[in-house]
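As structure tokens, the structure follows; a few thoughts come after it.
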Amino acid sequence: MALTSACSKPVRHKADIVVGIPDGLDLEKRAFALSEVRALQNAGRRVWCVPFARNASGIAIRGDAHTWWASAKGLYERSSQPLVGAVMSFRSTSGMALGHVAVVSKVVSDREVLIDHANWSRNKVSLGMSVIDVSDNNDWTRVRVESTPGAYGKTYPVNGFIYPDHS
């Protein structure tokens with residue numbers, strides 16, 4: 001597993017103004033998520049996106065990835081704005097029936113983020129993988145994920161971003 005540098009951690013204020021703190025990614029949560037992955041791999045068990053995202057973000061949602069968006073309603077703030085530490089919730093598709101979740105590790109621009117996630121490549125963790133917004137309205141409803149350096153795959157539908165509780 002290659003590690004990437006830390007990014008900004010979101011801080012929410014009552015007025016819903018979000019400010020990034022440089023180098024503020026919760027590295028303890030990320031380290032815990034990676035240690036859990038190593039333990040699973042060492043035991044010959046499968047690595048999944050849901051436990052990794054839960055451990056890396058602190059968002060305590062259970063169930064398949066495709067249920068996270070609805071499950072977060074009323075429990076966590078949700079938005080179409082990517083923030084460091086938020087979970088990107090992918091919709092289920094015919095090729096990804098259980099959906100997918102990933103943790104935003106850096107906001108590069110208004111149309112690109114880096115994510116940390118598990119099982120995009122079978123039974124592996126990918127850190128700092130680029131995702132670009134290809135939606136017509138720049139609303140992060142359709143994205144392409146960098147599968148290998150410089151190569152972006154097909155378009156995937158996204159529900160939005162679930163913010164961890166930072167109160």
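The values are calculated or read from the model by the stated rules, or taken from the named source; none is laboratory data. Since we're looking at a predicted model, the values are computed, not measured. Here the Cβ is made from the backbone with ideal geometry for all residues, glycine too, and neighbour counts use every protein chain on show.
Numerical summary
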read-out: Any pair with Cβ under 6 angstrom, 6 or more apart, that starts in the range 58-74 at a residue that is over 19 Å from Gly85 (Cβ atoms) and assigned to a helix (DSSP H, G or I) and ends at one that is at pLDDT below 95 and of a type in the set (Phe, Trp, Tyr); value: none
read-out: Of all residues in the range 103-120 being of a type in the set (Val, Ile, Thr) and surrounded by 15 or more Cβ atoms within 10 Å (Cβ to Cβ), the one that is nearest to the chain's Cα centre (by Cα); value: Val103
read-out: Top-ranked residue in the range 72-102 [being touching a Lys or Arg at 6+ places or on another chain (Cβ under 8 Å) and over 11 Å from Gly160 (Cβ atoms); ranked as surrounded by the most Cβ atoms within 10 Å (Cβ to Cβ)]; value: Gly85
read-out: Residues that are of a type in the set (Ser, Thr, Tyr), farther than 22 Å from Ser71 by Cα and part of a strand (DSSP E or B), drawn from the range 133-167; value: Ser147, Thr148, Tyr152, Thr155
read-out: Subset of the range 36-50 (residues that are surrounded by 15 or more Cβ atoms within 10 Å (Cβ to Cβ) and without any contact (Cβ under 8 Å) to a residue 60 or more places away in the chain); value: Glu36, Leu40, Val50
read-out: Criterion (surrounded by 14 or more Cβ atoms within 10 Å (Cβ to Cβ), free of Cβ contacts under 8 Å to residues at least 40 places away in the same chain and within 27 Å of Leu40 (Cα to Cα)) met by exactly one of Ser130, Ser135; value: Ser130
